[in-house]
Structures are given as structure tokens and as C-alpha cells.
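To keep things clear, I will list the structure first and then write my remarks on it.
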Amino acid sequence: MLLPLSIDVEAPTASSAPGAGSGAADFAAALARYRLAPLRRLAPATLQVNLGRLCNQACHHCHVDAGPGRKENMTRATAARVIELIAANPALRTIDLTGGAPELNPHFRSIVESARAAGRDVIVRCNLTVIFAPEMEWLPEFYRDAGVHLICSLPCYSAENVERQRGPGVFDKSVAALRILNRLGFGVGRLALDLVYNPVGPTLPSAQAELERRYRQELGAGYGLSFDRLLTIANMPIRRFARELERLGRHSEYMGLLVNHFNPETVAALMCRTLISVGWDGGLYDCDFNQMLALPLGAAGGRPLTIFDLDDLATLAGARIATAPHCFGCTAGVGSSCGGALA
Ligand code: SF4
Ligand code: SF4
């Protein structure tokens with residue numbers, strides 16, 4: 001049964017968000033100082049679906065706490081409802097699949113195929129090494145035949161930095177995967193392949209255009225690899241990265257860096273304004289980061305809503321967005337989103 005949805009209820013904010021981090025960093029107050037509060041949704045254009053926490057890697061900075069031992073994975077019934085919602089909401093032009101490694105979910109293929117058959121753009125957030133996971137040899141050709149847009153994580157062009165963050169052997173496997181994907185037409189003008197950079201430590205990303213130039217030079221000259229764009233993404237002070245910061249005694253320092261670099265110019269382009277995030281169990285959130293903090297959709301006023309509660313996602317336009325201190329990670333400096341820098 002569908003729940004009545006009131007879009008004007010008070011969304012959870014810094015003081016009420018569970019597990020969101022330091023209450024000293026008041027994101028709602030920062031917005032208010034620039035007359036940008038409350039943060040509200042526009043019409044939804046992207047459905048970002050997190051298919052589960054299972055991953056073939058276990059990176060230090062992972063905001064999902066993903067890894068090979070995780071059991072949370074989207075079921076057939078939930079995947080079927082995702083497919084139903086995509087068909088019923090043609091304004092959702094982009095379906096963005098993430099995880100864990102979304103490809104390891106048994107319903108990954110049917111979601112991709114259904115979304116493509118419905119004429120939507122499909123983004124797959126690929127960690128590159130999943131191509132070499134057991135029984136995944138079909139994957140590169142599947143990406144090509146489905147015509148997906150790949151956004152692949154490669155946090156540096158140096159083997160040492162990649163392996164510090166993602167584990168031994170990951171750089172060589174990533175290079176091998178990129179070679180296969182280039183050969184199939186990704187990143188060479190036929191099919192889109194973007195790379196994602198995130199800092200190895202508690203710093204803000206370098207300038208996106210300059211870093212892209214450096215990546216192109218290093219990966220091109222060193223390995224003969226091509227890609228379309230480099231997206232720089234800040235590390236979110238939540239989950240595994242937050243614990244790592246605590247362990248190093250640098251959590252407050254990193255939060256201070258984010259807060260002190262709050263940039264109001266990034267707010268108009270925040271991804272949560274046009275994106276709806278779906279959890280592996282069908283829960284609805286304003287973004288994948290809020291999902292990891294179990295901070296429900298702001299429109300729901302703290303009630304957990306699921307994909308089974310709503311048919312028309314356009315009703316979320318105008319609703320408040322749930323914010324908390326980690327939101328400073330999206331608004332620091334040039335800003336950060338799943339699509340890279342914002343300002
Ligand atoms: S960062 Fe990506 S590749 Fe690494 S463990 Fe998390 S989901 Fe897997
Ligand atoms: S974490 Fe970023 S994307 Fe998510 S609600 Fe906060 S500002 Fe928006």
C-alpha cells in the first residue's frame with residue numbers, strides 16, 4: 001500500500017542524524033548563513049541503485065564498508081520492483097548502479113537490460129578488478145553489448161598509491177582491465193569510460209582539469225590507456241574512512257578542513273537535488289552516503305520509506321533533503337559528487 005507523502009515535513013539535520021559524526025559541524029547552519037536552507041529536491045532525474053555490499057575488494061576508504069564477506073545483496077523481488085519503478089517513471093533518464101561491486105549481484109544483468117530496453121542511460125560504477133573475479137569473464141562484452149557508461153575507480157596513476165588504498169595487485173589488474181575495455185571501444189570515442197580519483201589521505205582532491213591532464217599523460221605514455229573524463233571525488237568522513245581517520249587521530253582535522261572550505265557555490269549542483277538513492281533492501285535515501293548512515297529520505301521526515309511505498313517519484317520534487325555533518329564532504333572546495341567536482 002502506498003503511504004501518503006508530505007513533502008514539507010522537517011527533514012533530519014545535523015543534530016538528529018544517526019551516526020553522522022561531529023555535531024559541532026552544523027551543515028544546516030552553514031546553508032542558512034548563505035540563505036540556502038533548507039536544501040530541497042528538484043524533479044528526480046537519476047535513480048542510483050545500490051545492489052549490495054558484496055565486493056571483491058575491501059578498500060581502506062570505502063564508505064560502504066563493502067568486501068568479499070558481506071552478505072547484503074538485493075533480492076529478486078526488490079530488483080523486480082526497481083525495474084517496475086524505472087518503467088513507470090520515464091523522467092528518470094539515468095539509472096546509476098553501484099555497490100559493493102554491483103556486477104556481483106545476480107540481478108545486475110536484468111536491471112541493466114530492462115533499463116536499456118526502456119531507453120535509459122545506464123551508469124555502472126565498476127571497480128575494474130571485478131572483471132577478473134571468478135565466473136565474471138562475460139562482463140566486458142556484456143558492458144559493450146548493453147552500451148553502458150562505465151565509471152571506474154582508479155585513485156591514482158601510480159601503482160604504489162592505488163595499492164595503499166585498494167590492496168596488493170590491484171593496480172596491475174586495473175591496468176589489464178582498462179586494456180580490455182579500451183579494446184572493446186570504451187574510453188576511445190565509442191563508449192563512455194570515466195575514471196574516478198579520490199585522495200589517498202585526509203585531503204581535498206586536486207583540481208580536476210589539471211589532474212585529468214596528468215592521468216592522461218601518465219596512463220597514455222606509461223600503459224597506452226585511454227579514458228574520457230577524470231572525476232575527482234572527496235572521501236566522505238563516514239564508515240571505513242571515518243574509522244581510519246579515528247585510528248590515525250585525524251578525524252577532527254579532516255572535518256575541520258571540510259567545514260573551513262565550505263563553498264556555497266557548490267550547493268545548486270549537489271547530486272541529492274536530482275538523484276534518488278535506493279538501498280539493497282529497497283530503502284529510499286537522498287544519496288548513497290545518507291544510505292550508509294541509515295539517514296532516511298528527508299521527504300519522509302525520519303520515517304523509513306521504501307520503493308514499495310511510492311509509484312510516482314516525481315512527487316518528491318520540492319521535498320527537503322536530509323543533511324548532516326558529512327554533507328560538508330560534498331560542499332568543500334570545488335565540491336564533490338558521483339559526477340566529480342561541482343563548481
Ligand atoms: S571502494 Fe568500491 S571497490 Fe573498494 S571495497 Fe568499496 S565498493 Fe569495493
Ligand atoms: S551527503 Fe552530499 S549528496 Fe548526500 S545529502 Fe549531503 S550534500 Fe546531499
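Read-outs: derived from the displayed coordinates by stated rules, not from any lab. The model shown is predicted, which means the values in this text are computed figures rather than measured ones. Here the Cβ positions follow ideal geometry from the backbone for every residue, glycine too, while neighbour counts run over all protein chains shown.
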Mean separation of Cα pairs under 8 Å and 6+ residues apart, divided by the residue count of the chain: what relative contact order is that in percent?
-> 28
What are the ³J(HN,Hα) values, in whole Hz, obtained from phi via the Karplus relation 6.51 cos²θ - 1.76 cosθ + 1.60 with θ = phi - 60°, for each residue of region 278-289 in sequence order, with x given for Gly and Pro?
-> 10, x, 4, 9, x, x, 10, 9, 7, 6, 5, 5
Cα-centre dipole for the chain with unit charges at Cβ (Lys and Arg positive, Asp and Glu negative), debye to 20 = 240
Could you state the number of Å between the C-alpha centres of region 135-177 and region 240-282?
-> 24
Proxy reagent accessibility, fewest Cβ within 10 Å first, across 156, 327, 126 = 156, 126, 327
Taking R0 as 35 Å, what's the FRET efficiency between residue 190 and residue 158 from their Cβ-Cβ distance, rounded to 0.05?
-> 0.80
Please identify, among 283, 298, 249, the residue showing maximal mean-square fluctuation in a Gaussian network model of the chain using a 10 angstrom Cα cutoff.
-> 249
√(5λ) per eigenvalue of the Cα gyration tensor, the chain, largest first, Å | 29, 25, 18
Counting only DSSP beta bridges fully inside the chain, the antiparallel percentage to nearest 5 is 20
